[in-house]
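Worksheet: one structure, shown below.
None of the figures in this text is laboratory data; all of them are computed from the coordinates on show. Predicted model, so just to flag it, every value in this text is computed and none were measured. Cβ coordinates were reconstructed from backbone atoms using ideal geometry, including for glycine residues, and neighbour counts include every protein chain displayed.
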């Protein structure tokens, strides 16, 4: 039914993402896109840290790389990550959005256009409103939208901004997000 | 000269449709014989949306009218369509690799090696390279060729103009590069605008070159071309890489952005010699 999962987060989201990757089975049948705010100049270490407990491979995609199911794709440092038509990534170094490159909004908007109602969009803990508009676009295209329950967030700015402007289907605790994704085993 | 601060963020809510997108490309092709059809769709569409907002044109028809009637505007459009490098000394580890490994090797067997920077937009890479070479004492022993889409871009780079919003990250990058001084030694801030010391590039040979890479320079030892191929489709990407291959001498090097690859078709032309920094060598066997 769904064809891809797009997850956005910044401050306080790392552990939640790590738990999600740890809970997904190795034969998970969708691509998982991760757009997480990160330091511009630190290129290595993030993928390695997320890979530790993940059952599916975690990679930072190259420009024009084809998208495959059963892989997690982390937006690389200092690039925007777009989902391009033709089932490929396109990277960009254009201006930051909400001071962020990678921008969660841009990843979400392009994924919403590519996958339309076959996309699950998830906004996690974060200290910036980048992502809220992107989640709104996911909802407008008919995708399923989930926001981490602000009560469970280290930093609530991103989730609260999302709840304000986007149609959100579910507000879930981190454990419930994991349960929800596991239904797609 | 367009040195306004273009760091401002643009509304994501303004979007053009795919038909408008195709119309803009068609009009540019008809009016100026400039072909944007092999550009990556998502990025180019966002550039169009940005330009419409930047010039307060409200919708696509006004942009198209302006493009049809105003040849000067088209030159500004070309400058703004191109995505600038994000800052100076982006990926400090690459610049350290250039200084400590690659450049010493190149200068060992060459009296005056040619280095080519294709499709310069804001000059950040060019000034960074000039600073590296100056600090190595090799700036006068190098022939640097910079190709640009038009005179506006060449004038911008020659003026030394340095977008103010890039200075902070550039300073941090240079500190990580561990140069001999500090980056601020090479530029001055005047009000909202920063200006680089343009004497750094006084010997650079500037050339105009269209997007098809016609009349490319030859006998090149090193090409620095980072994060521009990401804006093209695979087809144009491959065609440009073949031109770059022809321009390089045997054993010459090509540096792409850290998340760019030469790709399947062109992998037979280039050997990857430094994966982390995306440095390739023209395959001598071929």
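Available extension along the chain between residue A:170 and residue A:49 is 40.7 nm, counting 0.36 nm per residue and deducting the alpha carbon span. The angle between the Cα long axis of helix B:18-32 and the main principal axis of chain B comes to about 70°, on a 0 to 90 degree scale. Neighbouring Cβ atoms from other chains, within 10 Å of the Cβ of residues in A:81-93, number 5 on average. Pairing the Cα long axis of helix B:60-69 with the longest principal axis of chain B, what angle in degrees results, from 0 to 90 and rounded to the nearest 10? Once rounded, one gets 70 degrees. Computed per residue of the protein assembly as shown from DSSP H runs no shorter than four, each worth -39500 (n - 2.57), the mean residue ellipticity at 222 nm is -10500 deg cm²/dmol. Full extension of the chain between residue B:182 and residue B:141 yields a length gain of 12.4 nm, computed as 0.36 nm times the residue separation minus the alpha carbon distance.
Note on residue A:154 and residue A:87: their simple-model spin labels are 3.7 nm apart, each label 7 Å out from Cα toward Cβ. Per-residue extension of 0.36 nm, minus the Cα-Cα distance of residue B:72 and residue B:203, leaves a gain of 44.3 nm for this segment.
Can you give the translational diffusion coefficient of region B:33-72 in µm²/s, computed by Stokes-Einstein from the Kirkwood radius over Cα pairs at 25 °C and 0.890 mPa s? It comes out at roughly 223 µm²/s.
Here the translational diffusion coefficient of the protein assembly as shown follows from Stokes-Einstein with Rh set to the Kirkwood radius across Cα pairs; for 20 °C and 1.002 mPa s it amounts to 92 µm²/s. Size of region B:198-255: Rg and Dmax of its alpha carbons, in Å, are 12.6, 38. Normalising the Debye intensity of region B:1-108 to I(0), with uniform scatterers on Cα atoms only, and taking log10 at q = 0.10, 0.11 Å⁻¹ returns -0.41, -0.47. Normalised by 2.2 N^0.38 Å, with N the number of residues, the alpha-carbon radius of gyration of region A:76-183 equals 1.03. P(r) tail, region B:92-282: Cα-Cα pairs separated by more than 25 Å, 33% of all pairs.
From the largest down, chain A spans 37, 35, 30 angstrom on the principal axes of its Cα atoms. In percent, rounded to a whole number, the relative contact order of region B:184-286 is 22, using alpha-carbon pairs under 8 Å and six or more apart.
For chain B, relative contact order (Cα pairs under 8 Å, six or more residues apart, normalised by length) works out to 18 percent. Springs between Cα atoms under 10 Å define the GNM used for chain B, and in it the highest mean-square fluctuation of B:266, B:148, B:120 occurs at B:266.
Modelled label positions at residue B:215 and residue B:172, each set 7 Å beyond Cα in the direction of Cβ, lie 4.2 nm from each other.
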